[in-house]
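One structure is given below, encoded as structure tokens.
The values are calculated or read from the model by the stated rules, or taken from the named source; none is laboratory data. Since the model is a prediction, treat every value here as computed from it, not as a measurement. Neighbour counts run over all protein chains shown; Cβ positions are idealised from the backbone, glycine included.
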Amino acid sequence: MAKARKKIQRTIRLIRSPSADGVGLFRIAAGRKSDWYTFHEIPCEIGGRGFAVHRLGLGTLYHVRVGVPEDCSCECLGFLRHGKCKHVLGLLALIRRKEI
Ligand SMILES: [Zn+2]
């Protein structure tokens, strides 16, 4: 019998709100690993809200779009492969919690 794999819980936390100067900071933690990202909202005319999300340390920049499912997109490999990723899910969670 295959053992059920324990699913790693991923959480996003808003560290700094972008309300003051437009630049915010959040952290995505999964298990013992966590990544920090700065982000700012960018104008989006094709539906949903657009964000430039910059992963700290590696300098990777992703353009992330979130909204209704058809309006969600991201430039990372995870989204290209699976149609969803931690950046989209994380920003959706922050919006759902009315934090951004
Ligand atoms: Zn992504």
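A compact table of results
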quantity: Residue within segment 49-66 that is touching a Ser or Thr at 6+ places or on another chain (Cβ under 8 Å) and more than 12 Å from the ligand (Cβ to nearest atom) present; calculated: yes
quantity: Candidates K84, K98, filtered to the one that is more than 14 Å from F26 (Cβ to Cβ), without any contact (Cβ under 8 Å) to a residue 40 or more places away in the chain and surrounded by 14 or more Cβ atoms within 10 Å (Cβ to Cβ); calculated: K84
quantity: Failed item in (1) free of Cβ contacts under 8 Å to residues at least 40 places away in the same chain; (2) away from the ligand (no atom under 16 Å from the Cβ); (3) touching a helix residue (DSSP H, G or I) at 6+ places or on another chain (Cβ under 9 Å); (4) not hydroxyl-bearing (S, T, Y), with I8 passing the rest; calculated: (3)
quantity: When residues of segment 69-100 are limited to those that are more than 20 Å from G22 (Cα to Cα) and among the basic types (K, R), the one nearest to the ligand (Cβ to nearest atom); calculated: K86
quantity: Pairs with Cβ under 9 Å, 6+ apart, first in segment 57-73 and more than 11 Å from L92 (Cα to Cα), second of a type in the set (D, E) and within 13 Å of the ligand (Cβ to nearest atom); calculated: G57/D35; L58/D35; L61/E75; Y62/E75; H63/E75
quantity: Selected residue [surrounded by 13 or more Cβ atoms within 10 Å (Cβ to Cβ), touching a Gly at 6+ places or on another chain (Cβ under 6 Å) and modelled with pLDDT of 95 or more] from H54, H63, H40; calculated: H40
quantity: Selection from segment 1-24 of residues that are in a strand (DSSP E or B) and modelled with pLDDT of 95 or more; calculated: T11, I12, R13, L14, I15, R16, V23, G24
quantity: Meets criteria (at pLDDT below 95 and loosely packed, with under 14 Cβ neighbours inside 10 Å) for I46; calculated: yes
